[in-house]
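The next block holds one structure in the form of structure tokens; read it before the comments.
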Amino acid sequence: MKERTIGIFYDGVSSVPQEIELIFDKEKKGFAFKTANNKLHFWKLNDIVFGKKGSVLNLEHGEEILQNIKVKNIDFISSVNVFRKKNGYIDWYQRLIDLGLKSHVILAVFILIFIVLGYIFVIPWVAEKSVVLIPEDYDNKLGDTFYEQNMTFSSIDSSKTKALNLFAKELKLNNTKKLKFTVVNSSEVNAFALPDGNIVVFTGIIDSMTGYDELVGLIGHEASHVNNRHSMKMLCRNLSGYLFVSTVLGDANGVMAVLGDNVNMIQSLSFSREFERQADLDGFEIMTLNKINPEGMSTLFKRLQGEKNFSIPEFLSSHPVTTERIGYIDEMIKTKSFVFKENPRLKKLFKEIKY
Amino acid sequence: MDKPLQSSTTYELQFNGSGNAFFSVIVVNWLLTIVTLGFYYPWAKARKLQFLYGETSLNGDSFSFHGTGKEMFKGFIKAIFIFVLLYALLFLFLYLKIPFIGLLLFYLGFFAILPLAIHGSYRYRMSRTSWRGIRFGYRGDRKELITNFFKWIFFTIITFGIYGSWMSINLRNYLLGNVRFGDVEFNYDGDGADYFVLNLKGYFLTVFTLGIYSFWWQKDLFEYYVDNLSLNQDGKEITLTSTVTGGGFAGLAIVNLLIIVFTLGLGYAWVVTRSMKYIFENIKLEGNIDLDSIAQTEDNFKDATGEDISDFLDLDFVI
């Protein structure tokens with residue numbers, strides 16, 4: 001079976017169009033044509049790159065010498081296409097492209113949903129697992145660097161620092177690594193934990209406290225951040241979230257990447273809320289373990305809620321004291337059983353720290 | 001050279017791609033990139049370029065991009081290797097406690113890569129682009145480009161950036177001046193001073209008009225880019241003229257923004273195709289070169305390393 005049409009041939013040497021008679025040979029699976037000097041050419045279907053531009057079919061052949069044939073005959077083109085389809089000459093990529101707009105829109109929506117689900121469920125899981133792979137050594141280095149950079153310009157109260165360390169020594173904090181406390185003179189009502197076990201407490205927050213139980217609550221909370229490697233987890237989540245977003249969307253386009261970045265930020269804020277909750281629960285447990293009245297934590301939070309300048313470096317942990325947090329602590333005070341007794345040693349040390 | 005010009009003709013440069021078709025290309029790329037955990041990226045890029053070039057036509061015949069994912073993947077690996085080497089060097093010096101020398105070498109290496117990447121990228125892209133089987137080509141000299149590049153960088157630094165305008169125009173003159181399309185030579189005739197004034201005016205008027213003038217600034221830049229470009233073949237010439245307007249750019253940008261916002265980004269394909277259409281519709285080509293008489297002169301060049309480094313560094317291909 002042979003079909004014929006007139007095509008325009010470009011010989012890859014010049015841009016002169018040459019009119020040729022093109023023969024589609026279905027038995028030999030290729031195209032035959034003669035050029036001006038009566039030279040016979042045969043192109044095998046497998047060696048041709050097919051391109052459809054509007055209603056024109058473009059056949060491209062050769063690597064070093066690029067030759068082209070343009071065909072305009074609609075019947076001829078459809079006959080070639082039918083043959084290629086029937087005999088498996090359409091590759092998988094073309095088949096994916098040929099699925100049509102409707103399927104592609106559905107596919108796009110499906111991919112979007114897949115990404116969102118992956119983002120919400122897979123990323124946190126992967127990050128959590130990958131934290132285990134990062135040596136604790138790295139936590140220490142990260143914390144050290146931050147501590148050195150930030151403490152150089154802060155005024156450390158050495159006697160209060162000493163007292164706070166003694167205070168913490170009296171407590172069981174469930175810690176796996178050595179915790180080191182520092183009291184910094186600042187009116188900021190603030191405290192934060194670094195991944196290497198450095199916990200920094202500002203005098204502003206201590207001054208606002210009325211009893212040592214509140215300080216135990218704060219220490220328990222911060223110790224939990226260190227014990228659970230929250231900083232590193234946060235870093236891993238942010239990083240893997242960012243990598244995920246940029247891998248998937250980075251190629252698609254810039255706008256999507258920007259949207260992705262914002263989603264990432266919102267997501268990391270909710271991660272941090274989750275970490276705060278865990279630290280609160282652990283802090284509560286530490287208080288009962290040490291026979292301290294857990295009401296102290298609730299009292300502290302209620303007072304902090306009233307404070308306006310309660311801010312903390314974003315990437316370490318953001319501690320907005322919300323009604324929700326106070327709510328679940330009060331709930332635990334009501335429902336859990338605990339015993340507490342006055343601890344004169346802590347009381348004495350607290351006085352030293354405060355004044 | 002005082003031969004009377006042969007009767008001048010116009011040429012038709014068009015972008016024919018539909019948003020629907022481009023959307024299909026993007027979605028399939030997206031799917032394959034995810035399934036392969038990102039490894040499809042070079043192939044995806046090749047598909048995208050093949051589509052965009054293939055849908056652009058000159059006098060009814062389309063351009064072709066012959067670059068393949070495999071070539072770009074190889075280039076990608078080489079590019080990664082170069083960056084790893086650079087960082088290894090930096091860390092070696094940090095380890096040896098001489099960070100200053102490490103950083104100096106790192107930045108020098110980084111700057112040295114730039115012209116190399118531009119050179120490689122031009123050679124690759126041009127030689128892999130064809131029209132009627134006639135290849136484009138870039139014949140710039142690597143050494144010359146590197147020497148000039150460092151000279152211009154130096155001037156830019158000592159003039160606190162003012163020379164930057166001259167640098168970009170010199171670079172454009174050099175790069176585009178060395179582009180060929182078979183035996184047709186490209187020529188770019190820009191002037192740093194004009195470019196500087198144009199940007200100065202654009203900047204201040206944009207600030208004074210709270211950003212509104214930016215579209216007219218964009219129009220001026222585009223015009224400067226297109227109008228100074230010409231093609232030559234044995235004393236014959238094709239000149240390019242831009243007919244874009246600031247209002248046109250403004251309309252284009254506003255509608256594009258709306259499409260992106262209301263489709264949550266999925267309308268990106270249509271944004272690209274309508275922008276391309278607008279741009280190509282507004283470039284007028286006129287001259288006396290016979291497009292049926294272009295001879296093949298350029299070789300294949302399949303090393304995509306420069307192309308991939310440029311991609312890493314987010315260098316815009318056309319400078």
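The values are calculated or read from the model by the stated rules, or taken from the named source; none is laboratory data. What you see is a predicted model, and the numbers here were worked out from it, not measured in a lab. Neighbour counts are summed over all protein chains in view; Cβ atoms, including those assigned to glycine, are modelled from backbone coordinates with ideal geometry.
Looking at B:233, B:218, can you tell me which residue is of a type outside the set (Val, Ile, Thr), under 23 Å from residue B:283 (Cα atoms), within 14 Å of chain A (Cβ to nearest Cβ) and touching a helix residue (DSSP H, G or I) at 6+ places or on another chain (Cβ under 9 Å)?
Values: B:218 fails: within 14 Å of chain A (Cβ to nearest Cβ).
Only one candidate passes the filter, namely B:233.
Just the residues that are at positive phi and either within 9 Å of chain B (Cβ to nearest Cβ) or part of a helix (DSSP H, G or I) (or both), please, taken from the range A:61-101.
Step one: list which residues in the range A:61-101 are at positive phi, which gives A:62, A:88, A:100.
Hits for the range A:61-101 are A:62, A:100.
Tell me yes or no: at least one residue of the range B:157-175 is at pLDDT below 95 and within 14 Å of chain A (Cβ to nearest Cβ).
Looking for residues that are at pLDDT below 95 and within 14 Å of chain A (Cβ to nearest Cβ), one finds none in the range B:157-175, hence no.
Might you check whether a residue that is assigned to a strand (DSSP E or B) and more than 14 Å from every other protein chain (Cβ to nearest Cβ) occurs anywhere in the range A:44-60?
Start the filter on the range A:44-60 by keeping residues that are assigned to a strand (DSSP E or B), which leaves A:44, A:48-53, A:56-60.
Going one step further and asking which of them are more than 14 Å from every other protein chain (Cβ to nearest Cβ), we end up with A:44.
Yes, some residue in the range A:44-60 is assigned to a strand (DSSP E or B) and more than 14 Å from every other protein chain (Cβ to nearest Cβ).
Check off (1) over 28 Å from residue A:214 (Cα atoms); (2) modelled with pLDDT of 80 or more; (3) in contact with a helix residue (DSSP H, G or I) (Cβ under 9 Å, 6 or more places away or on another chain) for residue A:132 and give me the number that stays unchecked.
Among (1) over 28 Å from residue A:214 (Cα atoms); (2) modelled with pLDDT of 80 or more; (3) in contact with a helix residue (DSSP H, G or I) (Cβ under 9 Å, 6 or more places away or on another chain), residue A:132 violates only (3).
Condition check: assigned to a helix (DSSP H, G or I) and under 22 Å from residue A:273 (Cβ atoms). Does residue A:226 satisfy that? First the steps, then the outcome.
Working: assigned to a helix (DSSP H, G or I): yes; under 22 Å from residue A:273 (Cβ atoms): yes.
Yes; evaluated as a whole, the condition is true for this residue.
Quick one: in the range B:12-25, of everything that is part of a helix (DSSP H, G or I) and of a type in the set (Gly, Ala, Ser), which residue is nearest to the other protein chains (Cβ to nearest Cβ)? Spell out the reasoning first.
Keep residues of the range B:12-25 that are part of a helix (DSSP H, G or I), which gives B:19-25.
Imposing the further condition that a residue be of a type in the set (Gly, Ala, Ser) reduces the set to B:19, B:21, B:24.
Values: B:19: 10, B:21: 8, B:24: 5 Å.
Among them, the one singled out is B:24.
When you check residue A:104 against the structure, is it surrounded by 13 or more Cβ atoms within 10 Å (Cβ to Cβ) and in a helix (DSSP H, G or I), yes or no?
Working: surrounded by 13 or more Cβ atoms within 10 Å (Cβ to Cβ): yes; in a helix (DSSP H, G or I): yes.
Against the criterion (surrounded by 13 or more Cβ atoms within 10 Å (Cβ to Cβ) and in a helix (DSSP H, G or I)), residue A:104 qualifies.
Restricting attention to the range A:151-168, report how many residues are surrounded by 13 or more Cβ atoms within 10 Å (Cβ to Cβ), in a helix (DSSP H, G or I) and touching a residue at least 12 places away in the same chain (Cβ under 8 Å).
The qualifying residues number 9.
Based on what the data block shows, is residue B:99 more than 14 Å from chain A (Cβ to nearest Cβ), surrounded by fewer than 17 Cβ atoms within 10 Å (Cβ to Cβ) and in contact with a Phe, Trp or Tyr (Cβ under 8 Å, 6 or more places away or on another chain)? Write out each step before concluding.
Numbers: more than 14 Å from chain A (Cβ to nearest Cβ): yes; surrounded by fewer than 17 Cβ atoms within 10 Å (Cβ to Cβ): yes; in contact with a Phe, Trp or Tyr (Cβ under 8 Å, 6 or more places away or on another chain): yes.
Against the criterion (more than 14 Å from chain A (Cβ to nearest Cβ), surrounded by fewer than 17 Cβ atoms within 10 Å (Cβ to Cβ) and in contact with a Phe, Trp or Tyr (Cβ under 8 Å, 6 or more places away or on another chain)), residue B:99 qualifies.
Of the residues B:310, B:275, only one is free of Cβ contacts under 8 Å to residues at least 24 places away in the same chain and either surrounded by fewer than 18 Cβ atoms within 10 Å (Cβ to Cβ) or in a helix (DSSP H, G or I) (or both); which?
Details: B:310 fails: free of Cβ contacts under 8 Å to residues at least 24 places away in the same chain.
Just a single option satisfies the conditions, and that option is B:275.
Which of the residues that make up the range B:31-53 are without any contact (Cβ under 8 Å) to a residue 12 or more places away in the chain and facing chain A (nearest Cβ under 9 Å)?
B:31, B:33, B:34, B:37, B:38
Please give the number of the condition residue B:28 fails out of (1) out of contact with any Leu (no Cβ under 6 Å at 6 or more places or on another chain); (2) at the interface with chain A (Cβ under 9 Å from one of its Cβ atoms).
All conditions are met except number (1).
Name the residue that is surrounded by the most Cβ atoms within 10 Å (Cβ to Cβ), counting only residues in the range A:110-119 that are within 10 Å of chain B (Cβ to nearest Cβ) and farther than 13 Å from residue B:26 by Cα. Show your work before the answer.
Let us first name the residues in the range A:110-119 that are within 10 Å of chain B (Cβ to nearest Cβ), namely A:110-112, A:114-115, A:118.
Cutting the leftovers down to farther than 13 Å from residue B:26 by Cα gives us A:110, A:112, A:114-115, A:118.
On the way: A:110: 12, A:112: 17, A:114: 14, A:115: 19, A:118: 14.
The qualifying residue surrounded by the most Cβ atoms within 10 Å (Cβ to Cβ) is A:115.
Search the range A:169-180 for residues that are in the same structural domain as residue A:218 (by TED's automatic domain parsing) and polar (S, T, N, Q) and pair each with any residue that is crowded, with 16+ Cβ neighbours inside 10 Å and part of a loop (DSSP other than H, G, I, E, B) when their beta-carbon atoms are under 8 Å apart and the residues are at least 6 apart or on different chains.
Taking only residues 6 or more apart or on different chains, the pairs are A:175/A:197.
Return yes when residue A:31 is in a strand (DSSP E or B), surrounded by 14 or more Cβ atoms within 10 Å (Cβ to Cβ) and touching a Leu at 6+ places or on another chain (Cβ under 7 Å) and no when it is not. Let's see the steps before the verdict.
Numbers: in a strand (DSSP E or B): yes; surrounded by 14 or more Cβ atoms within 10 Å (Cβ to Cβ): yes; touching a Leu at 6+ places or on another chain (Cβ under 7 Å): yes.
Yes: the conditions hold for residue A:31.
For a quick check of your reading of the model, give me the residue pairs whose first member lies in the range A:229-250 and is at positive phi, whose second is at pLDDT 75 or above, with beta-carbon atoms closer than 7 Å and at least 6 apart or on different chains.
That search, which allows pairs on different chains as well, returns A:229/A:131; A:229/A:139; A:229/A:195.
Hey, among A:75, A:98, which residue is more than 22 Å from residue B:61 (Cα to Cα) and either at pLDDT 85 or above or among the hydrophobic types (A, V, I, L, M, F, W, C) (or both)? Walk me through it before giving the result.
Numbers: A:75 fails: more than 22 Å from residue B:61 (Cα to Cα).
Just one listed residue meets the conditions, A:98.
Within the group B:305, B:273, B:245, which residue is touching a Lys or Arg at 6+ places or on another chain (Cβ under 7 Å) and closer than 30 Å to residue B:75 by Cβ?
Details: B:273 fails: touching a Lys or Arg at 6+ places or on another chain (Cβ under 7 Å); B:245 fails: closer than 30 Å to residue B:75 by Cβ.
Checking each option against the conditions leaves just B:305.
Within the range B:69-78, can one find any residue that is closer than 30 Å to residue A:105 by Cα and within 11 Å of chain A (Cβ to nearest Cβ)?
So far as the range B:69-78 goes, yes, one or more of its residues are closer than 30 Å to residue A:105 by Cα and within 11 Å of chain A (Cβ to nearest Cβ).
Condition check: in contact with a strand residue (DSSP E or B) (Cβ under 8 Å, 6 or more places away or on another chain), surrounded by fewer than 14 Cβ atoms within 10 Å (Cβ to Cβ) and modelled with pLDDT under 90. Does residue A:52 satisfy that? Working first, answer last.
Details: in contact with a strand residue (DSSP E or B) (Cβ under 8 Å, 6 or more places away or on another chain): yes; surrounded by fewer than 14 Cβ atoms within 10 Å (Cβ to Cβ): yes; modelled with pLDDT under 90: yes.
Yes; evaluated as a whole, the condition is true for this residue.
Going residue by residue through the range A:39-47, is there one that turns out to be free of Cβ contacts under 8 Å to residues at least 40 places away in the same chain and under 27 Å from residue B:17 (Cα atoms)? Explain how you work it out, then say what you get.
The initial filter retains those residues of the range A:39-47 that are free of Cβ contacts under 8 Å to residues at least 40 places away in the same chain, namely A:39-44, A:47.
Narrowing further to those that are under 27 Å from residue B:17 (Cα atoms): A:47.
Yes, the range A:39-47 contains at least one residue that is free of Cβ contacts under 8 Å to residues at least 40 places away in the same chain and under 27 Å from residue B:17 (Cα atoms).
Quick one: residue A:13 ticks every box in (1) farther than 30 Å from residue B:32 by Cβ; (2) in contact with a Lys or Arg (Cβ under 9 Å, 6 or more places away or on another chain); (3) within 14 Å of chain B (Cβ to nearest Cβ); (4) surrounded by fewer than 17 Cβ atoms within 10 Å (Cβ to Cβ) except a single one, so which number is it?
Condition not satisfied by residue A:13: (2).
Looking at A:189, A:201, can you tell me which residue is in contact with an Asp or Glu (Cβ under 6 Å, 6 or more places away or on another chain) and outside any helix (DSSP H, G or I)?
Details: A:201 fails: in contact with an Asp or Glu (Cβ under 6 Å, 6 or more places away or on another chain).
Only one candidate qualifies: A:189.
If the Cβ limit is 6 Å and pairs must be 6+ apart or interchain, which residue in the range B:173-193 that is free of Cβ contacts under 8 Å to residues at least 40 places away in the same chain pairs with which residue that is part of a loop (DSSP other than H, G, I, E, B)?
Qualifying pairs under 6 Å: B:173/B:190; B:190/B:228.
Might you check whether a residue that is of a type in the set (Phe, Trp, Tyr) and in the same structural domain as residue A:244 (by TED's automatic domain parsing) occurs anywhere in the range A:121-138?
Going residue by residue through the range A:121-138, those that are of a type in the set (Phe, Trp, Tyr) are A:121, A:125, A:138.
Now restrict to residues that are in the same structural domain as residue A:244 (by TED's automatic domain parsing): A:138.
Yes, that holds for at least one residue.
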